[in-house]
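Below is one structure, written out as C-alpha coordinates; the observations come after it.
The values are calculated or read from the model by the stated rules, or taken from the named source; none is laboratory data. What you see is a predicted model, and the numbers here were worked out from it, not measured in a lab. Note that we place each Cβ from the backbone using ideal geometry, even for glycine, and neighbour counts take in every protein chain shown.
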(Lines give C-alpha, C1' and ligand atoms only; values in the text may rest on other atoms or scores of the structure.)
Protein backbone atom coordinates (compact mmCIF):
# COMPACT_ATOMS: atom_id res chain seq x y z
CA UNK A 1 0.00 0.00 0.00
CA UNK A 2 1.30 3.45 -0.89
CA UNK A 3 2.14 5.65 2.06
CA UNK A 4 -0.56 8.25 2.65
CA UNK A 5 1.76 11.25 2.78
CA UNK A 6 4.27 10.32 0.05
CA UNK A 7 2.98 12.98 -2.31
CA UNK A 8 1.63 15.26 0.36
CA UNK A 9 3.46 18.58 0.79
CA UNK A 10 1.54 19.60 3.92
CA UNK A 11 3.66 20.26 7.02
CA UNK A 12 3.38 17.44 9.53
CA UNK A 13 2.91 17.77 13.29
CA UNK A 14 4.02 14.59 15.06
CA UNK A 15 2.07 13.82 18.25
CA UNK A 16 4.04 11.64 20.67
CA UNK A 17 1.80 9.96 23.26
CA UNK A 18 1.14 6.73 25.13
CA UNK A 19 -1.88 4.59 24.30
CA UNK A 20 -3.65 5.33 27.59
CA UNK A 21 -3.71 9.04 26.69
CA UNK A 22 -4.87 8.73 23.07
CA UNK A 23 -8.08 10.62 23.90
CA UNK A 24 -6.09 13.81 24.48
CA UNK A 25 -3.90 13.23 21.41
CA UNK A 26 -6.90 12.80 19.12
CA UNK A 27 -8.62 15.88 20.57
CA UNK A 28 -5.53 17.99 19.90
CA UNK A 29 -5.26 16.58 16.37
CA UNK A 30 -8.86 17.65 15.76
CA UNK A 31 -8.21 21.15 17.14
CA UNK A 32 -5.06 21.74 15.06
CA UNK A 33 -6.45 20.44 11.77
CA UNK A 34 -9.74 22.31 12.19
CA UNK A 35 -8.03 25.57 13.19
CA UNK A 36 -5.69 25.52 10.18
CA UNK A 37 -8.37 24.32 7.73
CA UNK A 38 -6.53 21.03 7.13
CA UNK A 39 -3.42 22.79 5.86
CA UNK A 40 -1.46 20.80 8.46
CA UNK A 41 -1.41 17.01 8.89
CA UNK A 42 -1.24 15.82 12.50
CA UNK A 43 0.21 12.33 12.88
CA UNK A 44 -1.26 10.43 15.84
CA UNK A 45 -0.28 6.75 15.83
CA UNK A 46 -3.44 5.71 17.74
CA UNK A 47 -5.68 7.39 15.14
CA UNK A 48 -6.77 5.12 12.24
CA UNK A 49 -6.61 8.07 9.81
CA UNK A 50 -2.88 8.42 10.54
CA UNK A 51 -1.94 4.74 10.20
CA UNK A 52 -4.21 2.94 7.77
CA UNK A 53 -4.90 -0.78 7.62
CA UNK A 54 -2.11 -2.70 5.92
CA UNK A 55 0.60 -0.14 6.69
CA UNK A 56 3.60 -1.06 8.82
CA UNK A 57 3.22 0.82 12.08
CA UNK A 58 6.93 1.24 12.85
CA UNK A 59 7.70 2.35 9.29
CA UNK A 60 5.00 5.03 9.56
CA UNK A 61 6.42 6.24 12.87
CA UNK A 62 9.91 6.51 11.37
CA UNK A 63 8.67 8.24 8.21
CA UNK A 64 6.72 10.92 10.07
CA UNK A 65 9.51 11.50 12.58
CA UNK A 66 11.82 12.26 9.65
CA UNK A 67 9.34 14.53 7.87
CA UNK A 68 7.56 16.40 10.66
CA UNK A 69 8.03 20.15 11.08
CA UNK A 70 6.93 20.26 14.73
CA UNK A 71 6.72 17.61 17.43
CA UNK A 72 4.36 17.76 20.42
CA UNK A 73 5.01 15.45 23.38
CA UNK A 74 2.00 14.69 25.59
CA UNK A 75 3.76 14.65 28.95
CA UNK A 76 2.17 13.11 32.04
CA UNK A 77 3.71 11.47 35.12
CA UNK A 78 3.22 8.12 33.36
CA UNK A 79 4.26 8.98 29.82
CA UNK A 80 7.60 10.60 30.69
CA UNK A 81 8.72 7.26 32.15
CA UNK A 82 8.20 5.40 28.88
CA UNK A 83 11.40 4.91 26.84
CA UNK A 84 9.53 5.25 23.53
CA UNK A 85 8.34 8.78 24.39
CA UNK A 86 11.89 9.92 25.11
CA UNK A 87 13.14 8.21 21.95
CA UNK A 88 10.64 10.13 19.81
CA UNK A 89 11.51 13.40 21.57
CA UNK A 90 15.19 12.75 20.90
CA UNK A 91 14.48 12.25 17.22
CA UNK A 92 13.03 15.77 16.97
CA UNK A 93 15.85 17.18 19.08
CA UNK A 94 18.63 15.96 16.76
CA UNK A 95 16.72 17.32 13.74
CA UNK A 96 16.65 20.75 15.45
CA UNK A 97 12.89 21.21 15.01
CA UNK A 98 10.46 22.55 17.61
CA UNK A 99 9.77 19.84 20.22
CA UNK A 100 7.08 20.97 22.66
CA UNK A 101 6.16 19.05 25.84
CA UNK A 102 2.45 19.56 26.52
CA UNK A 103 1.89 18.71 30.18
CA UNK A 104 -1.24 17.32 31.82
CA UNK A 105 -2.48 15.16 34.72
CA UNK A 106 -0.31 16.82 37.32
CA UNK A 107 2.83 17.16 35.21
CA UNK A 108 4.14 20.70 34.73
CA UNK A 109 7.11 22.07 32.76
CA UNK A 110 8.98 22.53 36.05
CA UNK A 111 8.56 18.84 36.94
CA UNK A 112 9.71 17.42 33.60
CA UNK A 113 12.68 15.05 33.89
CA UNK A 114 15.77 15.35 31.72
CA UNK A 115 16.04 15.58 28.76
CA UNK A 116 12.46 16.89 28.41
CA UNK A 117 13.10 19.57 31.04
CA UNK A 118 15.53 21.24 28.62
CA UNK A 119 12.59 21.97 26.30
CA UNK A 120 10.10 24.84 26.70
CA UNK A 121 6.82 23.23 27.71
CA UNK A 122 3.21 24.23 28.28
CA UNK A 123 0.23 23.03 30.34
CA UNK A 124 -2.68 21.61 28.35
CA UNK A 125 -5.39 23.19 30.52
CA UNK A 126 -3.91 26.70 30.48
CA UNK A 127 -5.26 28.62 27.47
CA UNK A 128 -2.56 31.31 27.64
CA UNK A 129 0.12 28.63 27.37
CA UNK A 130 -1.70 26.73 24.62
CA UNK A 131 -1.83 29.95 22.59
CA UNK A 132 1.98 30.08 22.58
CA UNK A 133 2.10 26.80 20.60
CA UNK A 134 -0.06 27.83 17.66
CA UNK A 135 2.17 30.64 16.26
CA UNK A 136 4.84 27.94 15.84
CA UNK A 137 2.38 25.87 13.81
CA UNK A 138 1.31 28.90 11.76
CA UNK A 139 4.94 29.63 10.98
CA UNK A 140 5.40 26.05 9.74
CA UNK A 141 2.89 26.67 6.93
CA UNK A 142 3.58 30.37 6.47
CA UNK A 143 0.10 31.58 7.31
CA UNK A 144 -1.47 34.09 9.66
CA UNK A 145 -2.55 32.90 13.08
CA UNK A 146 -6.27 32.01 12.97
CA UNK A 147 -8.84 32.64 15.68
CA UNK A 148 -8.88 29.50 17.85
CA UNK A 149 -11.43 28.26 20.37
CA UNK A 150 -9.58 26.14 22.92
CA UNK A 151 -12.57 25.45 25.19
CA UNK A 152 -13.52 22.04 23.78
CA UNK A 153 -9.95 20.72 23.92
CA UNK A 154 -9.41 21.99 27.47
CA UNK A 155 -12.69 20.33 28.51
CA UNK A 156 -11.47 17.00 27.10
CA UNK A 157 -8.22 17.26 29.05
CA UNK A 158 -9.98 18.22 32.29
CA UNK A 159 -12.47 15.36 31.89
CA UNK A 160 -9.60 12.91 31.30
CA UNK A 161 -7.81 14.18 34.41
CA UNK A 162 -10.99 14.01 36.51
CA UNK A 163 -11.68 10.43 35.45
CA UNK A 164 -8.11 9.43 36.26
CA UNK A 165 -8.40 10.98 39.73
CA UNK A 166 -11.69 9.17 40.35
CA UNK A 167 -10.13 5.83 39.48
CA UNK A 168 -7.21 6.51 41.82
CA UNK A 169 -9.56 7.64 44.62
CA UNK A 170 -11.71 4.52 44.23
CA UNK A 171 -8.64 2.32 44.55
CA UNK A 172 -7.64 4.15 47.73
CA UNK A 173 -11.07 3.61 49.30
CA UNK A 174 -10.63 -0.17 49.28
CA UNK A 175 -7.03 -0.62 50.35
CA UNK A 176 -5.49 -3.92 51.34
CA UNK A 177 -2.98 -3.78 54.15
CA UNK A 178 0.55 -4.27 52.90
CA UNK A 179 2.20 -7.13 54.71
CA UNK A 180 5.89 -8.02 54.68
CA UNK A 181 4.83 -11.62 54.14
CA UNK A 182 3.36 -11.79 50.67
CA UNK A 183 1.78 -15.00 49.53
CA UNK A 184 4.28 -17.21 47.67
CA UNK A 185 2.60 -16.60 44.29
CA UNK A 186 2.60 -12.82 44.90
CA UNK A 187 6.26 -12.87 45.84
CA UNK A 188 7.04 -15.00 42.78
CA UNK A 189 5.23 -12.68 40.37
CA UNK A 190 6.85 -9.57 41.85
CA UNK A 191 10.33 -11.09 41.63
CA UNK A 192 9.84 -12.40 38.08
CA UNK A 193 8.59 -8.98 36.98
CA UNK A 194 11.78 -7.42 38.35
CA UNK A 195 13.89 -10.02 36.54
CA UNK A 196 12.32 -9.28 33.16
CA UNK A 197 13.32 -5.61 32.98
CA UNK A 198 16.55 -3.67 32.50
CA UNK A 199 15.52 -0.49 34.34
CA UNK A 200 13.34 0.19 37.42
CA UNK A 201 11.12 2.52 35.37
CA UNK A 202 10.54 -0.02 32.59
CA UNK A 203 7.41 -2.20 32.35
CA UNK A 204 7.69 -5.97 31.98
CA UNK A 205 5.67 -7.86 29.39
CA UNK A 206 2.88 -9.80 31.14
CA UNK A 207 3.16 -12.74 28.75
CA UNK A 208 6.85 -13.24 29.53
CA UNK A 209 6.27 -13.04 33.27
CA UNK A 210 3.40 -15.54 33.08
CA UNK A 211 5.56 -17.97 31.07
CA UNK A 212 8.10 -17.96 33.90
CA UNK A 213 5.37 -18.67 36.43
CA UNK A 214 4.21 -21.62 34.31
CA UNK A 215 7.69 -23.11 34.71
CA UNK A 216 7.02 -23.02 38.47
CA UNK A 217 3.71 -24.91 37.95
CA UNK A 218 1.51 -21.81 38.42
CA UNK A 219 -1.39 -21.49 36.00
CA UNK A 220 -2.90 -18.29 34.59
CA UNK A 221 -5.57 -18.12 37.29
CA UNK A 222 -2.94 -18.08 40.00
CA UNK A 223 -0.91 -15.51 38.09
CA UNK A 224 -3.91 -13.25 37.52
CA UNK A 225 -4.91 -13.43 41.19
CA UNK A 226 -1.36 -12.51 42.22
CA UNK A 227 -1.34 -9.66 39.69
CA UNK A 228 -4.65 -8.37 41.07
CA UNK A 229 -3.52 -8.56 44.70
CA UNK A 230 -0.16 -6.89 44.05
CA UNK A 231 -1.94 -4.12 42.17
CA UNK A 232 -4.34 -3.51 45.07
CA UNK A 233 -1.39 -3.47 47.46
CA UNK A 234 0.21 -0.82 45.22
CA UNK A 235 3.30 -2.95 44.56
CA UNK A 236 2.74 -3.08 40.79
CA UNK A 237 0.82 -1.08 38.21
CA UNK A 238 -0.89 -2.68 35.23
CA UNK A 239 -0.15 -0.70 32.07
CA UNK A 240 -0.09 -0.92 28.28
CA UNK A 241 3.12 -1.38 26.31
CA UNK A 242 3.55 0.05 22.82
CA UNK A 243 5.65 -2.55 21.02
CA UNK A 244 7.98 -1.57 18.19
CA UNK A 245 6.19 -3.95 15.83
CA UNK A 246 2.98 -1.95 16.09
CA UNK A 247 1.20 -4.16 18.57
CA UNK A 248 0.06 -3.20 22.06
CA UNK A 249 0.31 -5.57 24.99
CA UNK A 250 -0.22 -5.53 28.72
CA UNK A 251 2.66 -4.72 31.00
CA UNK A 252 3.53 -4.75 34.69
CA UNK A 253 5.31 -1.78 36.23
CA UNK A 254 6.83 -2.14 39.69
CA UNK A 255 5.89 0.85 41.86
CA UNK A 256 8.12 2.70 44.30
CA UNK A 257 6.53 0.64 47.10
CA UNK A 258 7.25 -2.53 45.14
CA UNK A 259 10.93 -1.65 44.82
CA UNK A 260 11.00 -0.81 48.53
CA UNK A 261 9.68 -4.28 49.31
CA UNK A 262 12.29 -5.91 47.06
CA UNK A 263 15.04 -3.82 48.62
CA UNK A 264 13.94 -4.81 52.14
CA UNK A 265 13.92 -8.51 51.19
CA UNK A 266 16.93 -8.63 48.86
CA UNK A 267 18.84 -10.92 51.24
CA UNK A 268 16.13 -13.54 50.67
CA UNK A 269 16.32 -13.32 46.88
CA UNK A 270 18.66 -15.02 44.44
CA UNK A 271 20.84 -12.28 42.94
CA UNK A 272 23.40 -14.47 41.18
CA UNK A 273 23.48 -15.24 37.48
CA UNK A 274 22.41 -18.83 36.79
CA UNK A 275 24.11 -20.12 33.63
CA UNK A 276 22.12 -21.98 30.99
CA UNK A 277 23.23 -25.53 30.24
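Condition check: modelled with pLDDT under 85, over 30 Å from residue 97 (Cβ atoms) and either in the same structural domain as residue 258 (by TED's automatic domain parsing) or assigned to a loop (DSSP other than H, G, I, E, B) (or both). Does residue 169 satisfy that?
The answer is no for residue 169.
Going through region 187-220 one residue at a time, which ones are assigned to a strand (DSSP E or B) and out of contact with any helix residue (DSSP H, G or I) (no Cβ under 7 Å at 6 or more places or on another chain)?
Applying the first criterion (assigned to a strand (DSSP E or B)) to region 187-220 yields 204-205.
Matches in region 187-220: 205 only.
Do the conditions hold for residue 223, that is, is it crowded, with 16+ Cβ neighbours inside 10 Å, part of a helix (DSSP H, G or I), at pLDDT 90 or above and outside the structural domain of residue 85 (by TED's automatic domain parsing)?
Details: crowded, with 16+ Cβ neighbours inside 10 Å: yes; part of a helix (DSSP H, G or I): yes; at pLDDT 90 or above: no; outside the structural domain of residue 85 (by TED's automatic domain parsing): yes.
Here the answer is no, as residue 223 does not meet what is asked.
Which residues, counting only those in region 126-142, are buried (at least 17 other Cβ atoms within 10 Å of the Cβ) and in a loop (DSSP other than H, G, I, E, B)?
133
Can you run down the residue pairs with Cβ atoms below 6 Å, 6 or more apart or on separate chains, where the first is in region 83-109 and at positive phi and touching a residue at least 12 places away in the same chain (Cβ under 8 Å) and the partner is assigned to a loop (DSSP other than H, G, I, E, B) and buried (at least 17 other Cβ atoms within 10 Å of the Cβ)?
That search, which allows pairs on different chains as well, returns 105/76.
Any idea which of 76, 105 is within 16 Å of residue 23 (Cα to Cα) and surrounded by fewer than 22 Cβ atoms within 10 Å (Cβ to Cβ)?
Among 76, 105, only 105 is within 16 Å of residue 23 (Cα to Cα) and surrounded by fewer than 22 Cβ atoms within 10 Å (Cβ to Cβ).
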